[in-house]
Structures are given as structure tokens and as C-alpha cells.
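Encoded as C-alpha cells, the structure appears first; notes follow it.
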Amino acid sequence: MQLKNVLKKEAILIDMKATTKEDAIEELVSLVCSTYGIKGKKELIDNVIKREKLGSTGMGQGIAIPHCKYDKIDNIYLAIGISREGIDFKALDGEAVYIFFILIAPTASAGPHLKALARISRLLRDEYFCRSLRNSKDVKTVYNIVISDDEKHN
């Protein structure tokens, strides 16, 4: 699975307004719902928060990959948020998070869901990739960096 198949340019937000973990989840879920036409925003927010209670998806080094499964969709959906100020997302290293990849997958998609998470994680381990995302000035640049780097690892 390539990320270009689950990410639209419209699902990228380069100036998140959120200042708290809960606000960040709400902002990212709202972006997913509006971009992909998903209904049930409140339920989806609750699902992401429930997943976060199992353990923070803030991986450290300024990165978080909030995700959940949702029984009202048939496809995997991805959105990206960049926070210029950083958000206390209760990351494993205690540092602020600047880069968010939110992944929403159908309940019955264990394999594709895990493959997408693995692809995202691999990209985010590259310090240059993360710095490039944080320094991007527009959506098109973020999209091109993600798709280009993902295709290199195909």
C-alpha cells in the first residue's frame, strides 16, 4: 500500500491551531471527516481518544501518529497536521509534538492498517524528512515530500 492511495492534499494542515492533546485530536479528526466525507465526527474523536488512553501515540522527537479503527468506513484515510508551536501530546519523551499523521482504518482491516502504520513510522524515523516537513511553507510541499519519500522506499 502506497500512501498516495490514502492521502489527499486537502487532508494536510500546515498551521494547526490546537494547543492541547484533546484539541489536536479534534482538529485532526475534523480534517479527516471534512476531507473524506466521513460521518460521525464525535464518535470518531471518542475512538481516537480511547486509543490514546491505551498509550500515547506520541512517539517522541516531535512526532505523533494518532490512529484508530472505525466501523463506519470501508477505506483507510490519512491526514497530516503540522503544529508550528508544538503541542503537549504526552509523548513518550515528554517533548512537544509538531508533526501528526492521523490514520483511520476500517475495523476489519488489521493487515492494511498495520502496513500503513509501518510505512508512516519508517518515513518519520528519518530526521531530514521530519525537518523538511516542519519547515514546509505550503501543503503542496508537504504532500510532495511524503509521496516522494514513500515511493523511494517502495
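In this simple spin-label approximation, Glu127 and Gln61 carry label points 7 Å from Cα along the Cα→Cβ vector, and these lie 0.8 nm apart.
With both partners inside the chain, how many of the DSSP beta bridges are antiparallel, as a percent to the nearest 5?
45
Take the Cα of Thr107, step 7 Å toward its Cβ, do the same at Lys41, and the gap between the two points is 2.4 nm.
Taking 1.002 mPa s as the viscosity and 20 °C as the temperature, the Stokes-Einstein diffusion coefficient of segment 77-128 based on its alpha-carbon Kirkwood radius rounds to 172 µm²/s. Taking the number of Cβ atoms within 10 Å of each Cβ as an exposure proxy, the fewest-first ranking of Leu133, Leu92 is Leu92, Leu133. Among Tyr143, Tyr36, Tyr128, which one shows the highest mean-square fluctuation when the chain is modelled as a Gaussian network with alpha-carbon springs under 10 Å? It is Tyr128.
Using a Gaussian network model on the chain with a 10 Å cutoff between Cα atoms, which of Gly37, Gly62, Gly81 fluctuates the most? Among Gly37, Gly62, Gly81, the largest mean-square fluctuation in the Gaussian network model of the chain belongs to Gly37.
Each principal axis of the Cα cloud of segment 3-152 was evaluated for its coordinate range; sorted largest first, these ranges are 36, 32, 25 Å.
Look at Glu26, Glu151, Glu95 and count the other Cβ atoms within 10 Å of each Cβ; fewest to most, that gives Glu151, Glu95, Glu26.
Length gained on full extension, Met1 to Thr141: 48.2 nm, using 0.36 nm per residue less the C-alpha separation. Number of Lys-Lys pairs in segment 28-97 with C-alpha atoms under 16 Å apart and a separation of 8 or more places or on different chains: 12.
Coordinate-derived values only; no laboratory data. Quantities reported herein were computed from a predicted structural model and do not represent experimental measurements. Cβ atoms come from the backbone with ideal geometry, glycine included; neighbour counts cover every protein chain shown.
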